[in-house]
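The values are calculated or read from the model by the stated rules, or taken from the named source; none is laboratory data. These numbers were taken from a predicted model, which means no experiment stands behind them. Every residue, glycine as well, gets a Cβ built from its backbone with ideal geometry; the counts of neighbours run over all protein chains shown. Accessible surface is based on the protein model in full, side chains and every heavy atom, while ligands, DNA and RNA are left aside. Shrake-Rupley method; radii C 1.70, N 1.55, O 1.52, S 1.80 Å.
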Amino acid sequence: MTVDIASASVFPRLERLLPLVQKPIQYVGGEVNAVRVDWDAAEVRWVLMYPDAYEVGAPNQGVQILYEVLNEQDGVLCERTYAVWPDLEALMREHDVPQFTVDSHRPVGAFDVLGVSFSTELGYTNLLTALDLGRIPLLAADRGDDHPLVIAGGHAAFNPEPIADFLDAAVLGDGEEAVLRITDILRGWKAEGCPGGRAESLRRLAAAGVAYVPAFYDVEYLPDGRIRRVVPLRDDIPWRVAKHTLMDLDEWPYPKAPLVPLAETVHERMSVEIFRGCTRGCRFCQAGMITRPVRERSRSGVESMVARGLQATGYEEVGLLSLSSADHSQIAELTTSLADCYEGSQTSLSLPSTRVDAFNVDLANELSRNGRRSGLTFAPEGGSERMRKVINKQVTEEDLIRTVATAYAAGWRQVKLYFMCGLPTETDEDVLQIARLAREVIRVGREASGRRDIRCTVSIGGFVPKPHTPFQWAGQLDHETTDRRLAALRDAIRADREYGKAIGLRYHDGKPGTIEGLLSRGDRRVGRVILEAWRRGARFDGWSEHFDFGRWGQAANDALADEPVDLDWYTTRERHHAEVLPWDHLDSGLDREWLWEDWQDALDEGGVEDCRWTPCFDCGVCDQLGTHIQVAAPGSGA
Amino acid sequence: MSRQPPREHVPPVQRFRIRYAKRGRLRFASHRDFQRALERALRRAGVPMAYSAGFTPHPKISYANAAPTGTASEAEYLEIGVAAECDAEDLRERIDAALPQGFDVLEVVRASTPDFAARLQASRWRIELPDVPAHEAQEALDALLATSSAPVERLVKDGRRTIDVRPAILAAGVASERPGQPPCAILTVVVQTVTPSVRPDDILAALRSVAGLIPPVPAQVTREMQGPVGVADSATQVPEGFLLGDPLAADREADQT
Ligand code: SF4
């Protein structure tokens, strides 16, 4: 066997290239709390990839959790790899250095499984680069028994169809138990001497319902380009594949010893996840929909993770992480006890929360007890009252104004407001309302604080309709109209003499959103577009300095030339109820009919309350998954 | 309702001078990377640091003359202020254990003498040039030493800047070829600490511009020593009989008396 050579460290060869690239430290590993497991003693070897630069990927919680969960198992080894920047990519090609792990610098091709965590679809081309550098055939169909299984996870994996040709499998939902089940199945299969080769290992994963294996499904199309149906090709493969849901977060206090990178990253802090899921039901929000139901970590569970994590890392800042952290049922007690505990120390706490209410301001005040009150962020998301009804963001203008007044009065100097542009049914007027709202915020803020130096930053993201949300049927706004509306908003703010100078505006052009839309709601035919765009040089598409809309447009034209569909068809076209969506056979737990009704309610501008506190709206998650919403009992924090 | 920050200044009761190494793959760390790693290691190790006053208090650490990103070093120095009495050897062990392997704490000495930074008058660099025969390196070095001025351009924060490498070179030599080994010239250069600093990269740039020496692969560079020039005491022999002292000697002696 040539395994030894194939799995040997490439560091001696890589080392000669590192003086020639930007920020070489990102490629050497050596993080505090990185784990070394003996290669030869391991029965199942994983490499996890976050398909973006190290500075973005290293802090990723999902990867850090699975890295630790896997390495804790006897006989299991897990290393990490990240996207290399184009400067190193070019040198690696020139000097024949394969994609490597940062832990022991082994080639990724030497592992049993390459697990890739996609938070965003804009990482797809980086997967192709890694496969290609790793000498793993890009198409799953071309891989042999010696190649790793390429398995996708993360939010974008809820519609893996656009990358189905490049994947051996996809895992939906929480990864902790899923990676262990995959490991067990592969361990058993290897122990039996790998009967049936690669195909059999995949069959076992699919038949157990652990992972979705695209190759076992056939997609049939109608003459007009829509999908006719998606059919399993074997009897022992389920028609629909369900997501994994981890129920008791307290039993999974990961990461216990978070990695501390040597290189500077986008999050120079430690994070503790305080709950998973969100029940607010904002209709645009894929994260909120696919992570239902809410599962809280207990107060004592959070407190011990904070204490242990700080000891293990030496970080100075702890973020209490979740989709909407102010919604933890014991958040007030939690922030007070943590603020008491770390008062006078150099440790600071942060809470990512953009809830528009006074309570949120109280929390922020508590957390900034002994620090500076620089900026607070609120997310009304929609500029007009009508728009907020459509998206089910239940914030009235009065709420917003009262909340920011409280914040400015409490000494905060800067308020950031987050909105979206391109929401369903949006008109020019809805977007211009953002300018009016921002003016009102400054006017009331000056009154409440008695100062003129307060500021408000308006930050605008382009809306991209996502699978498994009520807006999955919506037509996406074309980028030309998006840009026109944003320009009109900018002019309206600039034209304001009284308040305009106190208002900052941040936005991006609409083009990347169009490609994100293509990749989000695409089907298997979009894989050809991705491959074509990648061949033409697409890399790091989430970075504006690397993204090239022209390249993607050309790739779409060429790759779809023989199909009745095109870029517009995938993005700006509204879908009908009867259309089979590419991800309908993937079960996020949400009832399709409930989503459709919610979409219809949106068009009627109707709201749905938070189901954690009010009666349940039958979204389907709790029934189907046999789960229930877990709100920590009041006593459990003691 | 907004409380005022209770940020008091935590003054140092003792200072320690630390010599540490930057080795192996960690030579690719920038100085900022090292600073973050050190501050976190000090917290993990529970060292009772003194803090500066102000809204964002900083631990009392002063760095001297850090080696550039990409170069290894056996002789980096820094000074910390602590808020409670500590034992030097205990500190050395704790900080070394808390730092990632490759950032290695070699010596900790209680600071009791002034003007430490002024003692770092020169550095001795070892520059390995794989695939370059020793005689070629020797010829290039001879040509460089024969000039009185060797200006090179370097990118700095605010544009390009020309610096003269030659006057900063106090001594230099090339180790003789080891028979039977693949060619790898080893240069040793003693460079004066000047502002703007003359780095090993600048010396290589000068060898290129003066003598056309173009190494086929990137050089491997290590700072071997830093110290006062021409102190005979505890000194080390370097090319052309040049003497470089130990910058911690004064503190070590003061501590023992
Ligand atoms: S509050 Fe709304 S936008 Fe935020 S995570 Fe929950 S559903 Fe999504």
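Roughly how many Å is it from the Cα centre of the range A:466-527 to that of the range A:530-569, as a whole number?
19
What does the net charge come to around A:Phe118 if you take all other residues with beta carbon closer than 14 Å to its beta carbon, with K and R at +1 and D and E at -1? Kindly include the intermediate steps, with their values, before the conclusion.
On the way: positive: A:Lys466; negative: A:Asp52, A:Glu121, A:Glu161, A:Glu516, A:Asp541.
Within the 14 Å Cβ shell, the charges total -4.
Between A:Ser459 and A:Arg373, what length comes free when the chain is fully extended (0.36 nm per residue of separation minus the Cα-Cα distance, one decimal in nm)?
Stretched out fully, the A:Ser459 to A:Arg373 stretch lengthens by 29.0 nm.
Are there any residues in the range B:19-34 with a reduction of at least 20 Å² in accessible surface when going from the isolated chain to the assembly of protein chains? Probe 1.4 Å, please list them by number.
Buried by 20 Å² or more upon assembly, which counts only protein chains, are B:Arg25, B:Leu26, B:Arg27, B:Phe28, B:Arg32, B:Asp33.
In the range A:26-41, what residues drop by 40 Å² or more in accessible surface going from the chain by itself to the full protein assembly, probe 1.4 Å?
Correct list: A:Val28, A:Val32.
Note down the relative contact order for the range B:119-244 as a percent, whole number, built from C-alpha pairs under 8 angstrom at least six residues apart.
Contact order relative to length: 40 percent.
Whole Å is fine, so just give me how far the alpha carbon centre of the range A:121-139 lies from that of the range A:291-334.
Here the two parts' Cα centres lie 35 Å apart.
For the interface of B with A, what's the total buried accessible surface in square angstrom, probe 1.4 angstrom, rounded to the nearest hundred?
Counting both chains, the buried surface is close to 2800 Å².
Can you work out the FRET efficiency for the pair A:Trp239 and A:Leu139, with r the C-beta to C-beta distance and R0 = 25 Å, to the nearest 0.05? Could the numbers behind the result be given before it?
Details: r = 25 Å, r/R0 = 1.00.
The pair A:Trp239/A:Leu139 has a calculated efficiency of 0.50.
Please report Rg over Rh for the range B:14-111, where both radii come from the alpha carbon positions and Rh follows the Kirkwood definition. Don't skip to the answer; put the middle values down first.
On the way: Rg = 12.7 Å, Rh = 13.5 Å.
Using only Cα positions, Rg/Rh for the range B:14-111 is 0.95.
Kindly provide the helix-only [θ] at 222 nm of the protein assembly as shown, computed as the sum of -39,500 (n - 2.57) over DSSP H runs of four or more divided by all residues, to the nearest 500 deg cm²/dmol?
Working: 27 runs with 286 residues, N = 895.
Value at 222 nm, helices only, nearest 500: -9500 deg cm²/dmol.
Can you tell me the alpha carbon radius of gyration of the protein assembly as shown divided by the globular rule-of-thumb value 2.2 N^0.38 Å? Mind dumping the intermediate values first?
Numbers: Rg = 30.2 Å, N = 895, 2.2 N^0.38 = 29.1 Å.
Dividing the Cα radius of gyration by 2.2 N^0.38 Å gives 1.04.
Against the globular-protein guess of 2.2 N^0.38 Å, express the Cα radius of gyration of the range A:357-452 as a ratio, rounded to two decimals. Each step should come with its number before you reach the end.
On the way: Rg = 13.9 Å, N = 96, 2.2 N^0.38 = 12.5 Å.
Its radius of gyration relative to the 2.2 N^0.38 Å reference: 1.11.
In debye, nearest 20, what is the charge dipole magnitude of the range A:380-494 about its Cα centre with +1 on Lys and Arg Cβ and -1 on Asp and Glu Cβ, if you could check? Display every interim value, and only then the final one.
On the way: 19 positive and 16 negative charges, 112 e Å.
Result for the range A:380-494 is approximately 540 debye, rounded to the nearest 20.
Gap in Å between the Cα centre of the range B:126-147 and the Cα centre of the range B:41-57?
What the calculation gives is 46 Å, centre to centre.
Calculate the spin-label point distance for A:Lys501 paired with B:Ala175, positioning each point 7 Å from the Cα along the beta-carbon direction, and give it in nanometres.
My value for the distance between the label points is 6.6 nm.
Using the Karplus curve 6.51 cos²θ - 1.76 cosθ + 1.60 with θ = phi - 60°, what ³J(HN,Hα) values do you get for each residue of the range A:422-436, in whole Hz, with x for Gly and Pro?
Working through the residues one at a time gives x, 5, x, 6, 4, 10, 3, 4, 4, 6, 5, 4, 4, 5, 5 Hz.
Using per-residue counts of other Cβ atoms within 10 Å, averaged over each peptide, order A:233-240, B:72-79, A:25-32 from highest down. List each step's numbers first, then the result.
Working: A:233-240: 11.5, B:72-79: 21.1, A:25-32: 22.8.
Going by the mean number of other Cβ atoms within 10 Å, highest first, we get A:25-32, B:72-79, A:233-240.
Could you tell me the largest-minus-smallest coordinate of the C-alpha atoms of chain B on each of the three principal axes, in descending order and whole angstroms?
70, 48, 34
Between B:Ala53, B:Ala98, B:Ala172, find the one with the highest GNM mean-square fluctuation for chain B; connect C-alpha pairs within less than 10 Å.
B:Ala53
With every protein chain present, what is the per residue accessible area of the range A:361-464 (1.4 Å probe, Å²)?
Values: 3650 Å² over 104 residues.
I get 35 Å² per residue for the range A:361-464.
Using a 1.4 Å probe over the heavy atoms of the protein chains, calculate the carbon and sulfur portion of the accessible area of the protein assembly as shown as a whole percent.
Values: 17610 of 35910 Å².
Using a 1.4 Å probe with all protein chains present, the protein assembly as shown comes out at 49 percent carbon and sulfur.
Which of the listed residues, B:Met225, B:Ile80, B:Ile18, is farthest toward the dipole's positive end in chain B, when Lys, Arg count +1 and Asp, Glu count -1 at the beta-carbon?
So the residue we want is B:Ile80.
Compute the distance in nm between two label points, each set 7 Å from the Cα along the Cα-to-Cβ direction, one at B:Ser62 and one at A:Arg575.
Going from the B:Ser62 label point to the A:Arg575 one covers 6.5 nm.
Out of all DSSP beta bridges in the protein assembly as shown, what portion is antiparallel? Express it as a percent rounded to 5.
On the way: 64 of 113 bridges.
So the antiparallel bridges in the protein assembly as shown amount to around 55 percent.
Hey, any idea what the orientation-averaged projected area of the convex hull of the range A:11-222's Cα atoms comes to, in nm²?
Details: hull surface 48.0 nm².
Averaged projected hull area, Cα only: 12.0 nm².
Which log10 I(q)/I(0) values does the range B:119-244 give at q = 0.16, 0.20, 0.22, 0.23 Å⁻¹ under the Debye formula, counting every alpha carbon as one identical point scatterer?
Those come out to -0.78, -1.17, -1.34, -1.42, one per q.
Between A:Ser337 and B:Ala117, take the C-beta separation as r, use R0 = 45 Å, and let me know the FRET efficiency to the nearest 0.05. Intermediate results must be reported in sequence, preceding the final value.
On the way: r = 45 Å, r/R0 = 0.99.
Using R0 = 45 Å, I get an efficiency of 0.50.
Over chain A, what is the mean sequence separation of C-alpha contacts under 8 Å (at least six apart), divided by residue count, expressed as relative contact order in percent? Mind dumping the intermediate values first?
Working: 1212 pairs, mean separation 89.8, N = 638.
It rounds to 14 percent for chain A.
Could you name the lysines in cross-link range of A:Lys416, using Cα to Cα under 20 Å and dropping any fewer than eight places away on the same chain?
Leaving aside lysines fewer than 8 places away in the same chain, those within reach of A:Lys416 are A:Lys393, A:Lys501.
Could you pull out every Cys in chain A that lacks a partner Cys with its beta carbon under 4.7 Å away?
A:Cys78, A:Cys194, A:Cys278, A:Cys341, A:Cys421, A:Cys456, A:Cys611, A:Cys616, A:Cys619, A:Cys622
In percent, what relative contact order does chain B have, based on Cα pairs under 8 Å that are 6 or more apart in sequence? Mind showing how you got there, number by number?
Working: 528 pairs, mean separation 55.9, N = 257.
The value is 22 percent.
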